[in-house]
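Below is one structure, written out as structure tokens; the observations come after it.
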Amino acid sequence: MLKIFVFCEDFHYMKKIVNQVLINIEETKIVGITNNLDEAEKLLKDNQADIVISSDPEIINIVKEKFFTYNPYYIIFVHKRKKEKSTSTVLYEYYNSSPKRIITRIYKFINSSIKYSQKERISILLKELGFEFRQIGTSYLLDAIFYVRTYKGSLSFNSLANDLYTRVARENNTTTDIIKWAISRSVNYMYEHHTKSSYKASIGKYLHLEYPEKPTPKQIISIISNKLD
């Protein structure tokens, strides 16, 4: 579930955006709406929203000054064309755009830039745990974690056991049995290439397991998907 924070002086317009646009985009959750800068800083600190929506382009510089490691994506509403151009991390949209256009552009933005960002974060964690991406099962594991994290809002693995691997298999044009086998093989490979000290620094740190306990795919998917919050 992608967390969205709204900072805008024009509450009437933002109410319209929330009611007509954001509620029609699945996998998103509003974690705060304010027009007060001090309150905005506190809400951003507490919630670490994935996306910041604002009518003030300066919010980008404000976040950079206040937070050194927090790098959200931005959707900035402007009244007229300016020099700024949309990038992979910032989407500029016009106030007078139709709700249909806004929905389309925001949805596309979420499903390209944000999806890439989430997968990059998962990839970094898997590498730190010792997973090898030359193993196809690691890519399947990444897809499984991304599915739990993004589409189901970091729910427990148990509630997804019936359809998780089926979903990953469908997206990769293969079978559920192959997905299960490949992920298990990747986990085995990761585990077998750890020493006691490297295990403590990675598996122990992220999964809170004691050597030589071997993590299961269920533990890895559930813990990492929730850790991203």
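Checking Leu44, Leu91 one by one, the residue that is within 25 Å of Arg149 (Cα to Cα) and not in a helix (DSSP H, G or I) is Leu91 and no other. Among the residues of the range 179-193, those identified as closer than 16 Å to Pro212 by Cβ and open to solvent by less than 60 Å² (accessible area, probe 1.4 Å) are Val187, Asn188, Met190, Tyr191.
Is one or more of the residues making up the range 118-132 modelled with pLDDT of 85 or more, of a type in the set (Asp, Glu) and under 17 Å from Ile75 (Cβ atoms)? Looking for residues that are modelled with pLDDT of 85 or more, of a type in the set (Asp, Glu) and under 17 Å from Ile75 (Cβ atoms), one finds none in the range 118-132, hence no. Taking the range 1-41 as the range and being part of a helix (DSSP H, G or I), under 16 Å from Lys66 (Cα atoms) and out of contact with any strand residue (DSSP E or B) (no Cβ under 7 Å at 6 or more places or on another chain) as the test, the residues that pass are Leu37, Asp38, Glu39, Glu41. Every condition in (1) modelled with pLDDT of 90 or more; (2) assigned to a helix (DSSP H, G or I); (3) farther than 24 Å from Tyr73 by Cα is met by Arg167 except one, and the failing one is (1). When the residues of the range 53-74 are narrowed to those that are hydroxyl-bearing (Ser, Thr, Tyr) and under 20 Å from Ile17 (Cβ atoms), which ends up nearest to the chain's Cα centre (by Cα)? The residue in question is Tyr73.
Residues checked against (1) closer than 14 Å to Ile25 by Cβ; (2) in a loop (DSSP other than H, G, I, E, B); (3) in contact with a Ser or Thr (Cβ under 9 Å, 6 or more places away or on another chain); (4) at pLDDT below 90:
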| position | (1), (2), (3), (4) |
| --- | --- |
| Phe68 | no, yes, no, yes |
| Asn71 | no, yes, yes, yes |
| Ile76 | no, no, yes, no |
| Lys80 | no, yes, no, yes |
| Glu84 | no, yes, no, yes |
| Thr87 | no, yes, yes, yes |
| Ile114 | yes, no, yes, yes |
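The values are calculated or read from the model by the stated rules, or taken from the named source; none is laboratory data. This structure is a prediction, so every number in the text was calculated from the model and none was measured. Please note: Cβ atoms are built from the backbone with ideal geometry, for glycine as well, and neighbour counts cover all protein chains shown. Note: accessible area is taken over every heavy atom of the protein model, side chains too, but ligands, DNA and RNA are not part of it. Shrake-Rupley method; radii C 1.70, N 1.55, O 1.52, S 1.80 Å.
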